[in-house]
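Enquirer: One structure, as structure tokens, below. Some questions next.
Since every read-out is calculated from the coordinates, none of them should be taken as a lab result. Source: prediction; values computed, not measured. Glycine also receives a Cβ, built like all others from the backbone with ideal geometry; neighbour counts cover every protein chain displayed.
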Amino acid sequence: MTWITAVARLRARREPGVLVTVATVRGHAPREAGAKLVVGRTETWGSIGGGNVEAVAIDRAREMIAASTAGPELLDFALNDKVTNRHGVQCCGGEVSVLLEPLPTVRAVAIFGAGHVGMELARILARQDLDLHLVDSRAELLAEERLAVLADAVAAVRVHHTPLLPEEVLERLPPGTHVLIMTHDHAEDAALCDAALRTPHLGSIGLIGSAAKWSRFRRRLLTEGGHDEAAVARVKTPIGLPGITGKTPAAIAVSVAADLLHAFEAEGN
């Protein structure tokens with residue numbers, strides 16, 4: 001398996017890892033500069049030459065995974081019999097620098113409703129390194145030609161057409177997914193709020209709309225839905241930065257995206 005495939009596998013599994021690269025080589029060494037190794041919690045793919053260098057790199061990579069280390073690290077090795085190493089002696093005679101780059105689990109965001117605001121928001125979030133789920137009950141809003149604006153997305157975009165029960169998608173979303181509810185139908189929004197509160201593995205829940213809309217939703221969630229105050233408080237509404245008051249889809253999308261990215265920063269990951 002190539003290192004690129006290994007990185008893609010970790011991302012698909014939503015598992016953290018570390019990409020280990022031989023950065024520089026002086027003299028003789030087991031592998032040339034550019035050789036790569038991918039380290040996961042329990043597996044490795046590729047090789048930077050074996051021996052002490054690789055064993056130490058794997059140990060350190062797993063320490064970084066356990067500590068959720070965000071920044072890269074550089075390890076230097078002298079390959080001679082005068083140096084005592086943790087995993088034995090390598091007498092190649094050269095010197096090696098190894099770069100360890102964390103591969104964190106990417107965030108996931110699900111936008112329920114691909115209308116004007118939803119698509120403007122998708123265009124912004126698609127420029128971020130995350131898994132972006134677009135969900136709508138209307139097939140025409142998820143047509144290939146309409147989504148062509150996302151063709152060069154940095155994000156991994158996944159499309160869900162749900163003609164009957166959009167809330168069924170919630171169970172299939174990755175753990176920690178941040179949910180943004182902005183469909184064309186208030187009844188659908190209400191059903192999604194209720195279902196999201198019953199789906200414990202989700203991250204934040206955001207709802208677009210007015211104070212009057214939320215007042216009705218909140219009353220129904222507490223009475224008909226049987227949710228308690230603490231659960232209902234998980235729903236953030238209105239979404240977006242309070243200082244941005246524009247009502248165009250683009251302005252709302254910028255506000256919501258900025259608010260979400262600010263929340264990501266506050267999480268410290």
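Enquirer: Give the total of Lys-Lys pairs in the chain with Cα-Cα distances below 27 Å; include a pair only if its members are 8 or more places apart or on different chains.
Expert: 4
Enquirer: Compute the helix-to-body angle for 51-67: its Cα long axis versus the longest principal axis of the chain, expressed 0 to 90° and rounded to tens.
Expert: 20 degrees
Enquirer: So what's the angle, to the nearest 10 degrees on a 0 to 90 scale, between helix 3-13 and the longest Cα principal axis of the chain?
Expert: 40 degrees
Enquirer: Give me the number: length gained by fully extending ARG172 to GLU224, i.e. 0.36 nm times residue separation minus the C-alpha to C-alpha distance, one decimal in nm.
Expert: My answer for the length gained is 16.2 nm.
Enquirer: Can you compute 3J(HN,Hα) from phi for each residue in segment 238-250, using the Karplus curve 6.51 cos²θ - 1.76 cosθ + 1.60 with θ = phi - 60°, rounded to whole Hz and x for Gly and Pro?
Expert: Coupling constants for segment 238-250: x, 9, x, 7, x, x, 9, 10, x, 10, 6, x, 5 Hz.
Enquirer: So how far, in whole Å, is the C-alpha centre of segment 184-249 from the one of segment 127-176?
Expert: Taking the Cα centre of segment 127-176 as reference, the centre of segment 184-249 is 20 Å away.
Enquirer: Is it possible to state the helix-based mean residue ellipticity at 222 nm for the chain, with each DSSP H run of 4+ residues giving -39500 (n - 2.57), the sum divided by total residues, to the nearest 500 deg cm²/dmol? What is it?
Expert: For the chain, the value works out to -10000 deg cm²/dmol.
Enquirer: Let me ask you something else. Please state the equivalent ellipsoid semi-axes for segment 107-267: what are the square roots of 5 times the Cα gyration tensor eigenvalues, largest first, in whole Å?
Expert: Equivalent ellipsoid semi-axes, largest first: 23, 18, 16 Å.
Enquirer: Then there is this: Under the Kirkwood approximation for Rh and a Cα-based Rg, what ratio Rg/Rh is obtained for segment 3-103?
Expert: Ratio of gyration radius to Kirkwood radius for segment 3-103: 0.98.
Enquirer: Calculate one ³J(HN,Hα) per residue across segment 193-199 by plugging θ = phi - 60° into the Karplus curve 6.51 cos²θ - 1.76 cosθ + 1.60, and present them in order as whole Hz with x for glycine and proline.
Expert: Using θ = phi - 60°, the values come out as 4, 4, 5, 4, 5, 9, 10 Hz.
Enquirer: Report, to the nearest 10°, how far helix 211-222 tilts away from the longest principal axis of the Cα atoms in the chain, using its own Cα long axis and a range of 0 to 90°.
Expert: So the inclination is approximately 80 degrees.
Enquirer: So if we plug the beta-carbon distance of THR5 and GLU101 into 1/(1 + (r/R0)^6) with R0 = 22 Å, what FRET efficiency do we get, rounded to 0.05?
Expert: E(calc), rounded to 0.05, equals 0.85.
Enquirer: I've got another one for you. So for the chain, Kirkwood radius off the Cα pairs, Stokes-Einstein at 10 °C and 1.306 mPa s: how many µm² s⁻¹?
Expert: Numbers: Rh = 21.2 Å.
After rounding, the answer is 75 µm²/s.
Enquirer: Which of the trypsin sites (Lys or Arg not before Pro) across segment 151-229 are loop residues per DSSP, with 10 or fewer other Cβ within 10 Å?
Expert: none
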